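The values are calculated or read from the model by the stated rules, or taken from the named source; none is laboratory data. No experiment lies behind these values; they were computed from the predicted model shown. Cβ placement follows ideal geometry from the backbone for every residue including glycine, while neighbour counts extend to all protein chains displayed. These area figures cover heavy atoms from the full protein model, side chains too; ligands, DNA and RNA do not enter into them. Shrake-Rupley method; radii C 1.70, N 1.55, O 1.52, S 1.80 Å.
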Amino acid sequence: MKVRDVMSKNVECCTNQDSLQSVASKMESLNVGAIPVVENGQVVGMITDRDLALRGIGNESSNASQVMSNNIVTIDGNASLQEASNLMAQHQIRRLPVVENGNLVGMLSLGDLAVQQQSDESAGEALSQISQNDIQ
């Protein structure tokens, strides 16, 4: 399976000039903990709820550029789920912006991988049980 098969599409984003109140409001309405910062279709940063709490409120910052993480790890939609999992483990991150030709096309979360892996395991267990029933 490829990243594009399980990623979230239609990802909401913000710009580096958006106010922190706007970013926080968007997170609340979408029930998400991270929002990519995009300029001209390209991911330039990421803001998490933790960034807002620690860097935003604690430092009296006013816009996204002041609290966003800059060194963003991304993945191509054609990458395998194993590649994505390895990349997340290597960089200790829970969310990967998915890009194609440099532009944001989706978001892959650790939860997306967990759900997919559970599905694969469940399917494997079911197949094992069906095979055992056929043998008996």
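Assorted remarks:
- Distance in nm between pseudo-label sites at Leu30 and Gln66 (7 Å out along the Cβ direction from Cα): 2.2
- Evaluated over the Cα positions of the chain, the convex hull gives a direction-averaged projected area, one quarter of its surface, of 9.8 nm².
- Inter-site label distance for Arg94 and Arg50 at 7 Å from Cα along Cβ, in nm: 0.7
- Accessible area per residue was computed with a 1.4 Å probe on protein heavy atoms; Ser29 scores about 90 Å².
- Once backbone amide H atoms are built at 1.01 Å from N, Val43 has Leu104 as its partners under 5 Å, excluding neighbours fewer than 5 places away on the same chain.
- Radius 15 Å from Cβ of Leu20, net charge of other residues (Lys, Arg +1; Asp, Glu -1): -2
- Only beta bridges with both residues in the chain are counted; by DSSP, about 85 percent of them are antiparallel.
- Counted charge near Ser65, where neighbours are those whose Cβ lies closer than 13 Å (Asp, Glu -1; Lys, Arg +1): -2
- Acute angle (nearest 10 degrees) that the helix 81-91 long axis makes with the longest principal axis of the chain, alpha-carbon atoms: 40
- Dividing the summed -39500 (n - 2.57) terms of all DSSP H runs of n ≥ 4 by the residue count of the chain sets its mean residue ellipticity at 222 nm at -12000 deg cm²/dmol.
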